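Please read the structure below before turning to the comments.
The values are calculated or read from the model by the stated rules, or taken from the named source; none is laboratory data. As the structure is a computational prediction, the values presented were derived from the model and not from experiment. Note that we place each Cβ from the backbone using ideal geometry, even for glycine, and neighbour counts take in every protein chain shown. All accessible areas refer to the heavy atoms of the entire protein, side chains included, with ligands and DNA or RNA removed. Shrake-Rupley method; radii C 1.70, N 1.55, O 1.52, S 1.80 Å.
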Amino acid sequence: MDALTTSLLELGLPAAALGGGALYAKAKHPRAYWTAVGLPLTISRIHRDYDAVMEACGLTVEPSFWRAMAAQAANRDSKPEMPKIRGFRGSATGLRVRLRLARGQETADVLNATERLRHAWGVHAVYAAEVKPGVVDLQIVGYDVLRTVQMPRRAVAKAGGLLRIPVALRSDGTPHVRDYCAVPHAMNLGANQSGKSMYTRNLIHGLASQPVALVGIDCKGGVEQRPFARRLSALATNQADALGVLLGLLVEMDDRYDLIRAYQGLPGSVSAENVTADIWGLPKKVRPVPIIVLVDEIAELFLVASRDDEPRRNQLVTALIRLSQLARAAGIFLEITGQRFGADLGKGATLLRSQLTSRTVHRVNDVESARMGLGDISNDAMDAATRISPAMPGTAITGDTSGVWHQIRTPYRSLAEVAAQCAKYAHLTPDLHRLAAFRPQTASAAVPPQPSAPPIYVPVPVAE
């Protein structure tokens, strides 16, 4: 019986009522339960059982010769060496423990023991990350933070910035950030009702308030992206318009490279600090606005109904490949969504996919779809994507070519909320001269009210 329970019993609270209240709080309000009960219990458990747990988990080494000699001289048993605790930092979702590794240990030793540590300390998950050589942080997660997504406000505010959008929550309780400067192009895969659209809504919600241009390609007649038209600099709702938008972006890209070359100039004609190879090195007064291209369903750009459509399809694919290969330095970024993205789409599909560094895979209907997105990143990530439950929409596996991957879940945002955010920041919508013909026509009327029926995408608590 822990100290908190004992003190409450001394106040006259019945044990049954106390236990029932604790179980209710743990199930319905896990964040409050962890802060009030779980966190202090876990810290006390770590202090009490630390030596035994380290030894049982194989995180000890033989003492040095001099330590063994000193113990023998003092007529006592020599104890094995183990990582030393250097500090605790609690949060509303977990606990961070900083460890100083013992002589001869490495970060991989702790990584291999995280599952055993999870069971030994009775927590939801344990992650390990190297801070510097010899120092490792254990990130302990107290409960399933993905069951009901609550984005940490302070961490989100700290992680955000220009072209840095916190779009989801990771399984370790930290925000997942889509950083276009670090990873310019991305792919978002998933079956119907898996959460792809919700991921895009969170992305648009974050980008709407930033000085960027949003270009939409939605060949489903615009049903997904038209509600955001007041914040879109261009919108294509069919293949013909999509080709026009992509060709316009290629011309825009060439214009930007001409501007960059003008600021490289001949030796001596441009100051050393102004010589650049991308738009970020240009002076702010002439720097063009970044462009985010949002493709809703990539298959619609690849598929053809007859031989007459093949030339247009080839032009679409070629334009996309050129943008994926060349447009990063010009400040043009691709965000491509689809249900599948493999060679079965036709010529050019695998080449385009190879240029999309960031991969996010929601629930898929077959192993091959998971392999398309994550097979060249990590087999473990691919296996994790195939185990996503339909009862957890918005859950996904995300990673990049570095091999690092995370499980994430996006918070629910209604279509009306994102449309209102786009209307609020409509004054930030830049005019792109090369895409002026595709600027969507918007009415000044307010967004129509949504039906009162509950939305399809609602994070449903999973029974423990």
Given the conditions (1) within 18 Å of Ser209 (Cα to Cα); (2) of a type in the set (Lys, Arg); (3) not in a strand (DSSP E or B), and given that Arg147 satisfies all but one, which numbered condition is not satisfied?
-> (1)
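Taking Tyr24, is it modelled with pLDDT under 90, open to solvent by 60 Å² or more (accessible area, probe 1.4 Å) and in a helix (DSSP H, G or I)?
Values: modelled with pLDDT under 90: yes; open to solvent by 60 Å² or more (accessible area, probe 1.4 Å): yes; in a helix (DSSP H, G or I): yes.
In short, yes.
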Applying the selection to the stretch 349-365, what residues are out of contact with any strand residue (DSSP E or B) (no Cβ under 8 Å at 6 or more places or on another chain) and among the β-branched types (Val, Ile, Thr)?
-> Thr350
Hits in the stretch 92-124 (condition: open to solvent by less than 20 Å² (accessible area, probe 1.4 Å) and in a helix (DSSP H, G or I)) | Val110, Ala113, Leu117, Trp121
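Just the residues that are more than 14 Å from Gly190 (Cβ to Cβ) and open to solvent by 60 Å² or more (accessible area, probe 1.4 Å), please, taken from the stretch 388-406. If you could, list the steps in order and put the result at the bottom.
Initial filter on the stretch 388-406 (more than 14 Å from Gly190 (Cβ to Cβ)): 391, 399-406.
Residues satisfying the conditions are Thr401, Ser402, Val404, Trp405.
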Write out, first by first residue and then by second, each pair whose Cβ atoms fall under 6 Å of each other, whose residues are 6+ apart or on separate chains, and whose first residue, in the stretch 212-226, is touching a residue at least 12 places away in the same chain (Cβ under 8 Å) and of a type outside the set (A, V, I, L, M, F, W, C) while the second is open to solvent by 10 Å² or more (accessible area, probe 1.4 Å) and assigned to a strand (DSSP E or B).
-> Gly216/Leu235
For the stretch 285-322, name all the residues that are in contact (Cβ under 8 Å) with a residue 40 or more places away in the chain, farther than 16 Å from Gly338 by Cβ and in a helix (DSSP H, G or I).
-> Asp309, Arg312, Gln315, Ala319, Arg322
Yes or no: Leu99 modelled with pLDDT of 95 or more and in contact with a helix residue (DSSP H, G or I) (Cβ under 8 Å, 6 or more places away or on another chain)?
-> yes
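Within the stretch 215-232, can one find any residue that is over 24 Å from Ala391 (Cβ atoms) and either of a type in the set (Ser, Thr, Tyr) or within 13 Å of the chain's Cα centre (by Cα) (or both)?
To start, the set of residues in the stretch 215-232 that are over 24 Å from Ala391 (Cβ atoms) comprises 215-223, 225-232.
Checking which are either of a type in the set (Ser, Thr, Tyr) or within 13 Å of the chain's Cα centre (by Cα) (or both) leaves us with none.
For the stretch 215-232, residues over 24 Å from Ala391 (Cβ atoms) and either of a type in the set (Ser, Thr, Tyr) or within 13 Å of the chain's Cα centre (by Cα) (or both): absent.
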Which number in (1) closer than 21 Å to Thr318 by Cα; (2) in contact with an Asp or Glu (Cβ under 6 Å, 6 or more places away or on another chain) marks the one condition that Val183 misses?
-> (1)
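Quick check: anything in the stretch 296-309 of a type in the set (D, E, K, R), under 17 Å from Cys219 (Cβ atoms) and in contact with a Leu (Cβ under 9 Å, 6 or more places away or on another chain)? Let's see the steps before the verdict.
Looking only at the stretch 296-309, we keep the residues that are of a type in the set (D, E, K, R), and these are 296-297, 300, 307-309.
Filter again for under 17 Å from Cys219 (Cβ atoms), leaving 296-297, 300, 309.
When the remaining residues are screened for being in contact with a Leu (Cβ under 9 Å, 6 or more places away or on another chain), the result is 309.
Within the stretch 296-309, one or more residues are of a type in the set (D, E, K, R), under 17 Å from Cys219 (Cβ atoms) and in contact with a Leu (Cβ under 9 Å, 6 or more places away or on another chain).
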Identify the single condition in (1) open to solvent by 20 Å² or more (accessible area, probe 1.4 Å); (2) at negative phi; (3) in contact with a Pro (Cβ under 7 Å, 6 or more places away or on another chain) that Asp144 does not satisfy, given that it satisfies every other one.
-> (3)
Any chance Ile140 is in contact with a helix residue (DSSP H, G or I) (Cβ under 9 Å, 6 or more places away or on another chain) and more than 24 Å from Glu55 (Cβ to Cβ) = no
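What are the residues in the stretch 342-356 that are open to solvent by less than 40 Å² (accessible area, probe 1.4 Å) and not in a loop (DSSP other than H, G, I, E, B), if any? Even if it seems obvious, please write down each step before you answer.
Residues of the stretch 342-356 that are open to solvent by less than 40 Å² (accessible area, probe 1.4 Å), as a first pass: 342, 345-346, 348-349, 352, 356.
Hits for the stretch 342-356 are Leu345, Ala349, Leu352.
Please tell me if Arg89 is closer than 30 Å to Val167 by Cβ and either surrounded by fewer than 14 Cβ atoms within 10 Å (Cβ to Cβ) or modelled with pLDDT under 90 (or both).
yes
Yes/no per residue for (1) touching a helix residue (DSSP H, G or I) at 6+ places or on another chain (Cβ under 8 Å); (2) touching a residue at least 60 places away in the same chain (Cβ under 8 Å):
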| residue | (1), (2) |
| --- | --- |
| Met151 | no, yes |
| Lys158 | no, no |
| Gly161 | no, no |
| Arg164 | no, no |
| Thr174 | yes, no |
| Asn192 | no, yes |
| Gly195 | no, yes |
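Could you list, in sequence order, the residues of the stretch 366-382 that are open to solvent by less than 70 Å² (accessible area, probe 1.4 Å) and either touching a strand residue (DSSP E or B) at 6+ places or on another chain (Cβ under 9 Å) or of a type in the set (Gly, Ala, Ser) (or both)? Please lay out each step first, then the result.
Filtering the stretch 366-382 down to residues open to solvent by less than 70 Å² (accessible area, probe 1.4 Å) leaves 366, 369-370, 372-375, 377-378, 381-382.
If the condition is that a residue be open to solvent by less than 70 Å² (accessible area, probe 1.4 Å) and either touching a strand residue (DSSP E or B) at 6+ places or on another chain (Cβ under 9 Å) or of a type in the set (Gly, Ala, Ser) (or both), then Ser369, Ala370, Met372, Gly373, Leu374, Gly375, Ile377, Ser378, Ala381, Met382 are the ones that fit.
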